[in-house]
1. Is there any pair linking a residue in the range 354-374 that is surrounded by fewer than 18 Cβ atoms within 10 Å (Cβ to Cβ) to one that is aromatic (F, W, Y), with Cβ under 6 Å and at least six apart or on different chains, and which?
2. Go through the range 292-343 and tell me which strands (runs of 3 or more DSSP E), entirely inside it, have 1 or more residues that are out of contact with any Leu (no Cβ under 9 Å at 6 or more places or on another chain) and within 17 Å of V13 (Cα to Cα).
3. Among (1) in contact with a Phe, Trp or Tyr (Cβ under 9 Å, 6 or more places away or on another chain); (2) farther than 26 Å from K377 by Cα; (3) surrounded by 17 or more Cβ atoms within 10 Å (Cβ to Cβ); (4) not polar (S, T, N, Q), which single condition is A410 missing?
4. Of all residues in the range 285-296, which are over 14 Å from A347 (Cβ atoms) and either surrounded by 24 or more Cβ atoms within 10 Å (Cβ to Cβ) or not hydrophobic (A, V, I, L, M, F, W, C) (or both)?
5. Taking into account only those residues within the range 60-84 that are hydrophobic (A, V, I, L, M, F, W, C) and surrounded by 19 or more Cβ atoms within 10 Å (Cβ to Cβ), which is nearest to L28 (Cα to Cα)?
6. Identify, by number, the condition in (1) in contact (Cβ under 8 Å) with a residue 60 or more places away in the chain; (2) out of contact with any Leu (no Cβ under 7 Å at 6 or more places or on another chain); (3) open to solvent by 50 Å² or more (accessible area, probe 1.4 Å); (4) within 24 Å of F343 (Cβ to Cβ) that P393 doesn't meet.
7. Identify, please: which residue in the range 341-356 is among the small types (G, A, S) and touching a strand residue (DSSP E or B) at 6+ places or on another chain (Cβ under 6 Å) and is, among those, nearest to P239 (Cα to Cα)?
8. Between A39, A51, which is more than 21 Å from L127 (Cβ to Cβ) and at pLDDT 95 or above?
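The values are calculated or read from the model by the stated rules, or taken from the named source; none is laboratory data. Predicted model, so just to flag it, every value in this text is computed and none were measured. Positions of Cβ are generated from backbone atoms using ideal geometry, with glycine treated the same way; all protein chains shown enter the neighbour counts. With ligands, DNA and RNA removed, areas are computed over all heavy atoms of the protein, side chains included. Shrake-Rupley method; radii C 1.70, N 1.55, O 1.52, S 1.80 Å.
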Amino acid sequence: MLSRVLSSAVLGVDAYTVEVEVDIRRGLPTFATVGLPEAAVKESKDRVKSAINNSGYRFPDDRITVNLAPADIKKEGTGFDLPIALGILAATGVVPQGRLTEYLILGELSLDGRIKPVRGSLPVALLAKNSGFRGMILPKENAREAAVVDGIEVLSVPTLGELVEFLCGLRFIQPESVDVQTVFQGEYPDEIDFCDVKGQEHVKRALEVAAAGGHNVIMTGPPGAGKTMLAKRLATILPPITFKEAIETTKVYSVLGMLKESQALITNRPFRSPHHTISDAGLIGGGHIPRPGEVSLAHNGVLFLDELPEFKKNVLEVLRQPMEDGFVTIARALTSITYPATFMLVAAMNPCPCGYFSDPNHECTCTYTKIQRYRSKVSGPLMDRIDIHVEVPAVRYKDLTSQHEAETSADIRERMNRARTIQSERLKRTKIYCNAQMNNRHIKRYCPIDEECHSLLEAAIDKLGLSARAFTRILRIARTIADLEQAPDIAVHHVSEAIQYRSLDRSNLFA
């Protein structure tokens with residue numbers, strides 16, 4: 001007696017089809033699972049046996065062999081419980097074989113036959129649509145997540161018994177439906193807003209420029225100046241996440257099982273703030289079975305690294321490749337997995353170990369050597385990938401007690417959206433969508449400057465000791481500032497403002 005059920009597993013953030021073949025032969029009662037199953041898959045035999053018996057069906061006392069094909073890819077997770085149980089019931093004649101190949105089926109079984117949630121439902125739904133399946137059968141808790149994919153039936157069932165009745169034609173299951181327009185609101189959280197920040201107008205301006213052009217930014221300033229407060233509000237002025245970006249981001253959270261109950265999509269740009277004790281595998285992804293790291297969880301959002309020099313040097317260095325390429329590739333002996341990692345990096349650090357260098361209200365106790373050693377913890381190649389450097393001074397008492405109504409995030413976001421629209425129109429024939437992604441060829445084409453701007457840049461490089469790598473960064477920033485003003489060409493005051501955002505490039509520490 002042989003049966004075949006179609007299921008799916010996730011490799012990286014994409015799903016692939018798994019054929020669950022069940023063969024039952026006369027012999028001593030055994031249950032063997034082949035096809036590179038890991039421990040959780042091997043343990044499914046006990047869950048499946050109890051679930052079948054407690055659902056009112058007979059578990060065969062024969063020799064059972066379960067094959068998970070393709071057999072050369074390691075299978076993990078508990079999502080194969082349900083297809084294995086259905087395969088056994090089909091092989092014993094309880095369930096007709098015909099309908100089992102129309103759907104991708106996955107779910108974890110409890111001992112009493114209830115179907116429990118699994119990870120990776122959204123990638124499986126996309127696979128079902130792209131592969132031409134009629135739909136998928138999955139736990140009720142995962143139904144809304146999968147139902148955002150249009151064009152397939154998403155059937156959710158609470159118990160094994162009800163699913164058997166459906167497959168036998170004795171029960172009707174209403175396909176799950178989700179109104180994407182209602183779910184995909186892109187609402188911004190009300191609890192944080194730029195109007196909460198007192199003073200720091202030039203820092204707000206720098207973050208507006210960063211958001212408008214997608215530039216990475218680093219803030220330096222004494223403790224309590226508001227660096228973390230400002231960083232958390234950056235996500236509130238970024239453009240609304242698109243449906244395509246929401247799908248990409250939700251896939252990462254889906255494979256990690258991090259979606260909230262009944263949550264269909266990630267509708268706000270993520271903001272991730274890992275602690276400085278994080279390992280390189282935690283930040284970039286990895287492990288025995290590679291998992292996405294914080295850079296992938298921040299995909300299409302913001303990755304905030306507070307106290308940047310306190311991170312281990314090897315942890316910071318692994319950021320260089322995803323910042324450059326927008327994805328992470330993790331190689332293992334048997335496979336190589338790629339995770340998306342397109343994010344805005346926002347970093348914060350003190351100007352010195354004690355935190356009070358250049359602070360007029362506190363005396364700095366650090367020597368020149370200590371300050372140099374502290375700043376050198378952040379390597380030049382990493383700093384090279386950060387466009388905007390901005391100093392955050394201590395907030396004055398006058399600003400703290402001011403009753404002046406500051407600009408709201410909505411006001412800033414309106415200007416930023418206009419600038420992004422200009423960039424989208426300019427770059428529509430390229431594969432990039434914001435100024436921060438421009439390479440030298442794009443800069444040469446889209447960032448021409450006149451002689452006055454050339455003279456200013458030459459003076460800045462010579463007198464301020466700016467490095468050569470700062471040249472292209474300044475032009476990118478100047479292009480964004482011009483877009484915020486809706487100016488067709490880069491003017492000298494745009495370049496002048498952009499030069500101010502390269503303070504950490506100055507060769508003289510005390511300049």
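1. Every condition considered, the pairs that remain are H362/Y356; C364/Y356; C364/F357.
2. Once the strands (runs of 3 or more DSSP E) in the range 292-343 are filtered for at least 1 residues that are out of contact with any Leu (no Cβ under 9 Å at 6 or more places or on another chain) and within 17 Å of V13 (Cα to Cα), what remains is 327-331, 336-340.
3. (3)
4. Those that are over 14 Å from A347 (Cβ atoms) and either surrounded by 24 or more Cβ atoms within 10 Å (Cβ to Cβ) or not hydrophobic (A, V, I, L, M, F, W, C) (or both): G285, G286, G287, H288, P290, R291, P292, G293, S296.
5. I64
6. (4)
7. A341
8. Result: A51 is the single residue among A39, A51 that is more than 21 Å from L127 (Cβ to Cβ) and at pLDDT 95 or above.
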